[in-house]
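Report on the structure given below.
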Amino acid sequence: MPHEDSIRCPACSGKAVFDMKACSLVCSVCAKVLDAGIRPEAHDAGTGNGDKALPKPEAGFYECPSCHIMMSPGVLRTSEACPCCGEPLSPETLKAPNLAADAGVPAPDIILPFARDSACFAADLRSKVRKRFFVPDKIIKGIAPENIQVLYLPYWLFDIGISGDGDFLQEDVEIIDSGRNRVYVHHVYKGRAGGAQFYSGAPVSRATAVDNRICEAIEPFDLAQGRSFKSSWLPGLAAMVPAPNAQERYARALKRVSGAFDSYLSAADDFNYVRFSKRNYEIKPRLVRSGLFPVMYASVRWGGRTWRFAMNGETGTSYEEFPLSNWKLWLSQICPWFLSLGVTLWLLRDYITKLEDVILWAVVPFILAIVFARFVACKYLFPTNLLTALCGGSMLLAGSWLIYDFFAARPPIGEGFATILIFTVIGFLITLGWVYQMTRKDSNSKDAKYYSDCSYCAVVSENRADFRECVPDYDDSTLDPDSVILHR
């Protein structure tokens, strides 16, 4: 459950809150800056990766007699069993109080302070909404600053060593232009590699308030900015109490580390797709710590499902799910082409019996309508419900008047009219399919962007590549751009 701590101002007894921009406590009544022992330059709990020195266990750490993993004091405060093997901890081990006396929540080992606030998150989402197409109004209103939750989520940080070898297939796609067709040549290789890596601070969220995949999508967190925990970081913010499913979180950490080791052994960044057929890995957990990480989260219910938005409160990395308003999409194409039909009929009413002139002169409004429906209408005229109603209604009224004026002149209806109508239908289908594919691709581009592994946690100086073998297996060609032989 969430907890929100409070500190009173000594001058006016007003409630003090943590100001993210000032990185200090500020009274909400008299705006007095309070000295609460927070020093922005005091990175005394940093645990950065790369080639930095690995963290060493300090006093208060406990070694599990079963799996020999070291547990920090913060872990001992929040768990009665080893998070790796489930071995119950002895009462003598659990000497640290379960709740920190001055915090009200299980005190973690480190805390990453907020560097961004909800206004920054809302501004980032608004800028992305302007680049999207046909976002529902309810979504736009739901991402206002007052609807954004500012949370400290509990994490466990695992230090894990992994070594071994594996067999895999790699696929590289080569694109060759052959006349009118584009040929996709799939080169498949057989690979085998072995080595070792060490991952420091692989994070796994322990909160149930935010989906674990979303927490991974806004990584990485910069652990080098970690500070020693003080209750002064919490006033005005919510801190979530960890969920008790410890071993499930450790299993998630193992999955992420294994995925990262897969990428390292197979050099996955150099190929389009990789698929493992055999793994012989030995995983040795070394240390587990606890932390509170800054996350901003918002959710909006629309269309029978919940659409979620999140931002890393430290680095600003964001995750968003923007739905597509289908009625705006359809109106953005129906209305311009209905207007185009009216304009074309009205302009060519004196030439409607001359099929050659109709075909010649109808090309110009046809091309202009395609450009207007694809590049102007969908981007600028149908972003909100109000503009959709005004612009769509105006186009339908104008098109109706022009069509009425055309028929009022009693022109002969024949091949010329049918040609203009066919041009309109074809253009409508072209731009509708074009815009639909564009918006669908834009809406789904973020859905699969999860950090399924944690490669950024690898300590570079600990990498070891014992051997790597890669030999060609077979080639295959296709005209389908979406064809894939392997799937990572």
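Where a number appears in this text, it was derived from the coordinates with a stated rule and is not lab data. These figures come from a predicted structure and were not determined experimentally. Because the Cβ atoms are built from the backbone with ideal geometry, glycine has one as well, and the counts that use them run over all protein chains shown.
Sequence-distant or interchain residues sharing an amide H contact under 5 Å with Ala81, placed H: which?
For Ala81, the qualifying residues are Leu89.
For the range 299-347 and the range 158-234, what is the centre-to-centre distance using only Cα atoms, to the nearest Å?
Here the two parts' Cα centres lie 31 Å apart.
Calculate, axis by axis, the spread of Cα positions in the range 326-444 along the three principal axes, and write the results as whole Å, longest axis first.
47, 25, 17
Quick one: order His187, His68 by neighbouring beta-carbon count within 10 Å, fewest to most.
His68, His187
Semi-axes of the range 184-237's equivalent ellipsoid from the Cα gyration tensor, sqrt of 5 times each eigenvalue, largest first, rounded to whole Å?
Working from the Cα gyration tensor, I get semi-axes of 38, 18, 10 Å.
Cα-Cα over 25 Å: which of Lys138/Lys255; Lys141/Lys379; Lys138/Lys328; Lys255/Lys278?
Violating the 25 Å limit, Cα to Cα: Lys138/Lys255.
No solvent, one uniform scatterer per C-alpha: report log10 I(q)/I(0) for the range 143-187 via the Debye equation at q = 0.22 1/Å, two decimals.
-0.95
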